[in-house]
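Below is one structure, written out as structure tokens; the observations come after it.
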Amino acid sequence: MLRIVVCVKAVPDPKEADKIRIDPVTRTLTRCDVPLVLNPLDKHAMEAALQLKEQLDAHIAVISMGPPPAGKIVRECLALGAEQGFLLSDPAFGGADAYATAYTLAKGIEKIGSYDVVFCGRASSDGSTEWVGPEMATFLKIPVVTTVREIVEYGREWWKVKAGLENGYRLVQVKLPALFTVTRELNTPRALSFSGIIKARKKEITQWGISELGVPEESVGLKGSPTIVSNMTTKDSKREVEMIAGTREEKAERLIQKLADAGVI
Ligand SMILES: Cc1cc2nc3c(=O)[nH]c(=O)nc-3n(C[C@H](O)[C@H](O)[C@H](O)COP(=O)(O)OP(=O)(O)OC[C@H]3O[C@@H](n4cnc5c(N)ncnc54)[C@H](O)[C@@H]3O)c2cc1C
């Protein structure tokens, strides 16, 4: 059986982005007042696991680190077809940077038990550091392939995947267990089904805090974070509109002149 772990992050709902606040003391995002949704790229990580399960004898566990409301996205993944759901939630985990997040998730994955494949999204839609996947692989001492856009071959021991490059792709052969961060090119996530939602209601979500993980407080959350976002400013993106008068030719000429003056062309 292929044992798959999918890491899913609860991110602030982009439709309610105006409610996102920065904690003046910890300088981290406060998530509790904003509805949380499944990180868009993690839907592709989940879909990759589900497609493998349709072709192979596979078991899917999903894991998320977040405040209690993040349980909602774990249940969403159970409704999509995951067998097990794990939520790492503890006030001590709060304010974690990418390093501390990766460490905590790695400890959670080790506690789940043996696995062959770990899927992550390439990036989250809020922090977007793209570091959690590779840092988790370092803590788990397994190989990592980032920006996977196609699974070419999936053997019992070795996989071959296509991973993104600026102007092309690289073909990577990797020995399992391994971690893969995925892009949206990999697949098209399926929609939730009513029967899946009903079935998921009966499935239990296992919640672990710092005592269950058995890790020291200094290695998680704000205390375990070697980086601190010392300030965050939101850019005022007001757009100025200028109507250019004249005939079509005159408008085109004036526009080209303005773009040239602005150094755009
Ligand atoms: C504006 C901003 C700037 C930041 N800058 C930095 C910085 O420079 N350095 C730094 O260390 N931290 C930084 N952080 C904090 C960092 O974003 C958080 O620690 C975050 O929880 C983890 O990183 P990420 O969202 O960037 O993950 P990414 O690396 O972008 O996420 C990639 C994948 O990892 C998995 N993943 C990430 N978080 C979780 C989770 N909580 N549960 C389950 N799976 C998860 C998901 O599969 C996700 O798709 C910043 C946060 C913000 C909002």
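The values are calculated or read from the model by the stated rules, or taken from the named source; none is laboratory data. Since we're looking at a predicted model, the values are computed, not measured. Cβ placement follows ideal geometry from the backbone for every residue including glycine, while neighbour counts extend to all protein chains displayed. When the accessible area is computed, the model is the full protein with side chains, heavy atoms only, and any ligands, DNA or RNA have been set aside. Shrake-Rupley method; radii C 1.70, N 1.55, O 1.52, S 1.80 Å.
Points to keep in mind about this one:
- Nearest-0.05 FRET efficiency for D13 and V264, computed from C-beta distance (R0 41 Å): 0.75
- Cβ-Cβ FRET estimate between V152 and E250, R0 fixed at 41 Å, reported to 0.05: 0.15
- Given their separation in residues at 0.36 nm each and the Cα-Cα distance between them, E166 and F139 gain 7.0 nm when the chain is fully extended.
- On Cα atoms only, tilt of 71-80 relative to the major axis of the chain in degrees: 80 degrees
- Between I112 and E83, the distance separating the two model label sites (each 7 Å from Cα on the Cα→Cβ line) works out to 1.2 nm.
- Relative to the Cα centre, the charge distribution of the stretch 164-265, modelled as +1 at Lys and Arg Cβ and -1 at Asp and Glu Cβ, gives a dipole magnitude of about 660 debye.
- Summed over the residues of the stretch 74-173 and divided among them, the accessible surface reaches 45 Å² per residue at a probe radius of 1.4 Å.
- Protection proxy ranking of 55-65, 218-228, 250-260, by the mean of other Cβ atoms within 10 Å over each peptide's residues and highest first, is 55-65, 218-228, 250-260.
- The chain, helix-only ellipticity at 222 nm - DSSP H runs n ≥ 4, -39,500 (n - 2.57), divided by all residues, nearest 500: -9000 deg cm²/dmol
- Full extension of the chain segment joining K223 with T129 gains 31.9 nm, where the gain is 0.36 nm per residue of separation less the Cα-Cα distance.
- Under 23 Å from the Cα of K199 - lysines, other chains or at least 8 residues apart: K9, K43, K53, K72
- Within the stretch 2-219, DSSP assigns beta bridges of which about 40% are antiparallel (rounded to the nearest 5).
- Relative contact order of the stretch 114-225, pairs being alpha-carbon contacts under 8 Å that are 6 or more residues apart, as %: 25 percent
- Reachable aspartates and glutamates, given that their alpha-carbon falls under 15 Å from the alpha-carbon of K160 and they are not under 8 places away in the same chain: D116, E150
- Taken about its Cα centre, the stretch 2-219 carries a charge dipole of roughly 520 debye when the Cβ of each Lys and Arg holds +1 and the Cβ of each Asp and Glu holds -1.
- Sulfur and carbon atoms: percent of accessible area, the chain [1.4 Å]: 54 percent
- 15 Å Cα-Cα reach of K15 towards aspartates and glutamates, excluding residues that sit fewer than 8 places from it in its own chain: D33, D126
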